[in-house]
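The values are calculated or read from the model by the stated rules, or taken from the named source; none is laboratory data. Fair warning: this is a prediction, and the values are worked out from it, not measured in the lab. Methodologically, a virtual Cβ is constructed for each residue, glycine included, from the backbone with ideal geometry; neighbour enumeration extends over all protein chains shown. What goes into the accessible areas is simple: the full protein's heavy atoms, side chains included, and nothing from ligands, DNA or RNA. Shrake-Rupley method; radii C 1.70, N 1.55, O 1.52, S 1.80 Å.
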Amino acid sequence: MNTLRKIESIKNGELSAAENIENRLEVIKKKDDEINSFVETNPEAMEKAKEIDRRIEKGEEVGSLAGLGIGIKSNINTQGLRATCASKTLENYISTHDAVVVKRIREEDGIILGMNNMDEFACGSSGETSAFGPTKNPAAEGRIPGGSSSGAGAAVAAGMCDLALGTDTGGSIRNPASHCGVVGLKPTYGLVPRQGLIDLAMSCDQIGPISPDVYGAALLLEVIAGRNPNESAMFDVESVEYLDKLRGKLEDVKIGISPKFRELTDSDIMKPIDESVNMLRDLGAEIVEVDLPNLEKGMPTYYLIVSVEFFSATRKFDGRKYGHKIEKVCGDEVLRRIIRGRHISRKEFKGRYYKRALQVRTLIKKELAEALEQADVLVGPTVPKLPHKIGEDLTPSEMYAYDYLTVPANLGGLCAGVYPVGKVDDIPVGFQVQGPSLDEVSVLNVMKALEEIK
């Protein structure tokens, strides 16, 4: 049952909210010992569902998410539940408040099912760095689900929750969406409030939806997007009615694709991508080639910036107020980023690394803006290679390579979404659509067009 049909069924009484939540919890009980997508489930979920049913029976108005079960990535504060960041550092930290996005979900009667597993402190692209064990990919047995929003992507793919919130700093929503065969959306930086998020890199982090379909992604984005008066780094956008603008029509739409995408991507992955581009052309879109000569510089630039910002963000985890001192209990990848960030931000290296990285970031942003003057959206693969087998030994550089095609959107301030368009060796492949700042509507409509013909 798709998201729209489920919402209609709950509101008209065909399916009770309690039945839906009971079904989700049953799937979690049946599958999650193996998949490991939840760190913790919400003991109050069923009672909230029954309350919604009582209101519906009385004819009272309910919110747009009424009765839907929603997973929350474990770096987003959710009152009464543990915001562990999948770490030993915060393994017993219980949130004292709701992040703004969680508060908005509750206001629309979404039901929090629990806290999803993730790469530790969002440091990772595989879901393997969690202190609570790796998440497995329900759509590709034995393979990683992608990260760092690994649990959110896997939970949606396995039917454990109707929708989920992830975070995307350099591809952490889009990467698992691609590997798990679901829809993911990274909104424009500054469109969705970050208050209540335990950040990885403040200049790149963005909270966004993961969904089994495009409607669900648009719906959840509509709920969480909009200005928060307590945050300065936000656009002055009160709300956008994304669902009303979800058309899936592509006449007069220019779609750009860069040869760089093909150069950086395994040829097998490009086959379903090329087929999808041809489908978009058949639907009336004009396909244009765009030049992104410095695309591959995005990945090293990103990791320099993220390491400095992550080092700064983790100084509060000194063992005095929040759990354990991070350097004493963290995993290898977290420690690697802390050490790198500490090193390159030293006074004697002023201007050598971080400042240079910011200059390259400006260059990449300029190139993306120029490409989007020639096209309405940019399309191509999401990740350049198939997910590896869990436990396979990869070097840090090999792991970081998953991010080549996703980090430019974060560096350039774009919005970007992923729609599943096929499989290679029985492993899902996601089609990435990137749009200009605040043009989520165009991104959603291209994905909707693909959904209607797939």
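With the checklist (1) under 19 Å from residue 216 (Cα atoms); (2) more than 27 Å from the chain's Cα centre (by Cα) in hand, flag the one item residue 14 doesn't pass.
Looking at each condition in turn, residue 14 falls short on (1).
Would you point out which residue out of 14, 19, 40, 57 is open to solvent by 90 Å² or more (accessible area, probe 1.4 Å) and over 21 Å from residue 215 (Cα atoms)? Don't jump to the end; show me each part of the working.
Values: 14 fails: over 21 Å from residue 215 (Cα atoms); 19 fails: open to solvent by 90 Å² or more (accessible area, probe 1.4 Å); 40 fails: open to solvent by 90 Å² or more (accessible area, probe 1.4 Å).
So the residue among 14, 19, 40, 57 that is open to solvent by 90 Å² or more (accessible area, probe 1.4 Å) and over 21 Å from residue 215 (Cα atoms) is 57.
Taking residue 100, is it hydrophobic (A, V, I, L, M, F, W, C), free of Cβ contacts under 8 Å to residues at least 60 places away in the same chain and either open to solvent by less than 40 Å² (accessible area, probe 1.4 Å) or under 24 Å from residue 219 (Cβ atoms) (or both)?
no
Evaluate the stretch 124-139: report whether one residue or more is among the β-branched types (Val, Ile, Thr), out of contact with any Leu (no Cβ under 8 Å at 6 or more places or on another chain) and open to solvent by less than 40 Å² (accessible area, probe 1.4 Å).
Yes, there is a match, as at least one residue in the stretch 124-139 is among the β-branched types (Val, Ile, Thr), out of contact with any Leu (no Cβ under 8 Å at 6 or more places or on another chain) and open to solvent by less than 40 Å² (accessible area, probe 1.4 Å).
Please tell me if residue 339 is open to solvent by 80 Å² or more (accessible area, probe 1.4 Å) and β-branched (Val, Ile, Thr).
The answer is yes for residue 339.
Tally up the residues in the stretch 420-454 that are open to solvent by less than 20 Å² (accessible area, probe 1.4 Å) and in a strand (DSSP E or B), please.
Of the residues in that region, 11 qualify.
Taking the condition assigned to a strand (DSSP E or B), more than 17 Å from the chain's Cα centre (by Cα) and in contact (Cβ under 8 Å) with a residue 24 or more places away in the chain, does residue 113 pass? Give the steps one after another, and end with the answer.
On the way: assigned to a strand (DSSP E or B): yes; more than 17 Å from the chain's Cα centre (by Cα): yes; in contact (Cβ under 8 Å) with a residue 24 or more places away in the chain: yes.
Yes, satisfied.
Considering only residues that are assigned to a loop (DSSP other than H, G, I, E, B) and crowded, with 24+ Cβ neighbours inside 10 Å, which ones fall in the stretch 65-76?
We begin by selecting, within the stretch 65-76, every residue assigned to a loop (DSSP other than H, G, I, E, B); these are 65-68, 74-75.
65, 67, 68, 74, 75 - these are the residues of the stretch 65-76 that are assigned to a loop (DSSP other than H, G, I, E, B) and crowded, with 24+ Cβ neighbours inside 10 Å.
Somewhere in the stretch 156-179, is a residue buried (at least 24 other Cβ atoms within 10 Å of the Cβ), part of a loop (DSSP other than H, G, I, E, B), of a type in the set (Asp, Glu) and over 10 Å from the mean Cα position of the chain (by Cα)?
Taking every residue of the stretch 156-179 in turn, at least one turns out to be buried (at least 24 other Cβ atoms within 10 Å of the Cβ), part of a loop (DSSP other than H, G, I, E, B), of a type in the set (Asp, Glu) and over 10 Å from the mean Cα position of the chain (by Cα).
Could you check the stretch 213-237 and list, in sequence order, the residues that are out of contact with any Leu (no Cβ under 7 Å at 6 or more places or on another chain), part of a loop (DSSP other than H, G, I, E, B) and surrounded by 21 or more Cβ atoms within 10 Å (Cβ to Cβ)?
Result: no residue meets the conditions.
What residue, of 314, 362, 301, is closer than 26 Å to residue 135 by Cβ and among the polar types (S, T, N, Q)?
The unique qualifying residue is 314.
What number of residues within the stretch 375-398 satisfy the criterion of being in contact with a Ser or Thr (Cβ under 6 Å, 6 or more places away or on another chain), open to solvent by less than 40 Å² (accessible area, probe 1.4 Å) and more than 16 Å from residue 173 (Cβ to Cβ)?
2
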